[in-house]
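Here the structure comes first, spelled out in structure tokens, and everything after it is commentary.
Throughout, read-outs are computed from the coordinates displayed, never taken from laboratory work. All values reported here derive from a predicted model rather than from experimental measurement. Don't worry about glycine lacking a Cβ; one is built from the backbone with ideal geometry, like all the others, and counts go over all protein chains shown.
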Amino acid sequence: MNEQICKECGLQLRGRTDKRFCNDSCRNAFNNRINSKENNILKIINKQLKKNRKILKQFLADEKMYKINTHKLLTEGYSFSYHTHRITTAKGHEYIFCYEYGFLELGDDLFLIVKSSQKGKRIVSNNNQRNE
Ligand SMILES: [Zn+2]
């Protein structure tokens with residue numbers, strides 16, 4: 001006897017043992033719910049990433065690099081939990097990026113904001129060398 005139940009409505013399923021839903025409308029309802037849950041997670045993360053990028057962009061403005069402390073970043077709503085990628089320079093400095101804007105932790109609660117005008121290591125390395 002088939003003891004499977006529909007994943008959407010919980011009713012007992014009959015027939016094929018590989019069935020997971022009693023009908024198309026239960027399948028659609030289930031899949032829509034999963035998709036909207038996933039979309040919400042993506043939306044929340046993307047929103048914070050965009051916010052982080054905007055904050056770095058605003059502080060950097062037209063400068064090549066800009067020093068800032070943690071407090072100023074947090075006050076604007078920056079979240080250190082979210083970034084898009086990290087780039088380690090030849091000298092071993094690790095920049096943390098939100099899209100094309102990133103920062104290097106300098107210690108003493110200071111960060112150096114930079115912009116990568118191209119993808120890859122070279123631009124950041126150049127910025128880094130100019131700084132030293
Ligand atoms: Zn069902």
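Descriptive notes on the structure:
- Among the listed pairs LYS51/LYS91; LYS7/LYS37; LYS54/LYS115, those with a Cα-Cα distance over 22 Å are LYS51/LYS91.
- Centroid-to-centroid, using Cα positions, the range 68-116 and the range 9-58 are 32 Å apart.
- Scalar couplings 3J(HN,Hα) for the range 76-89, obtained by applying the Karplus form with A = 6.51, B = -1.76, C = 1.60 to θ = phi - 60°, are 6, x, 5, 10, 6, 6, 10, 8, 8, 6, 10, 10, 9, 7 Hz; x denotes Gly and Pro.
- Considering helices alone, the calculated mean residue ellipticity of the chain at 222 nm is -14000 deg cm²/dmol, with DSSP H runs of length four and up weighted by -39500 (n - 2.57) and normalised per residue.
- Principal-axis tilt of helix 24-60 within the chain, Cα atoms, nearest 10 degrees: 10 degrees
- The length gained on full extension between ILE45 and ASP108, counted as 0.36 nm times the residue separation minus their Cα-Cα distance, comes to 19.8 nm.
- Likely footprinting exposure, LYS91, LYS64, LYS54, fewest C-beta neighbours within 10 Å first: LYS91, LYS64, LYS54
- Top of GLN58, GLN12, GLN48 by mean-square fluctuation, Gaussian network on the chain, Cα under 10 Å: GLN12
- Residues considered: THR70, THR84, THR17. Largest GNM mean-square fluctuation over the chain, using C-alpha springs under 10 Å, is found at THR17.
- Length available on full extension from LYS19 to ARG86: 0.36 nm per residue minus the Cα-Cα distance, which gives 19.7 nm.
- A simple charge model with +1 on the Cβ of Lys and Arg, -1 on the Cβ of Asp and Glu and nothing else charged puts the dipole of the chain at about 480 debye relative to its Cα centre.
- Between the helical axis of 121-131 and the longest alpha-carbon principal axis of the chain there is an angle of about 30 degrees.
- Farthest towards the positive end of the charge dipole of the range 6-110, among the residues LEU11, CYS98, ILE68, is the Cα of LEU11, using unit charges on the Cβ of Lys, Arg, Asp and Glu.
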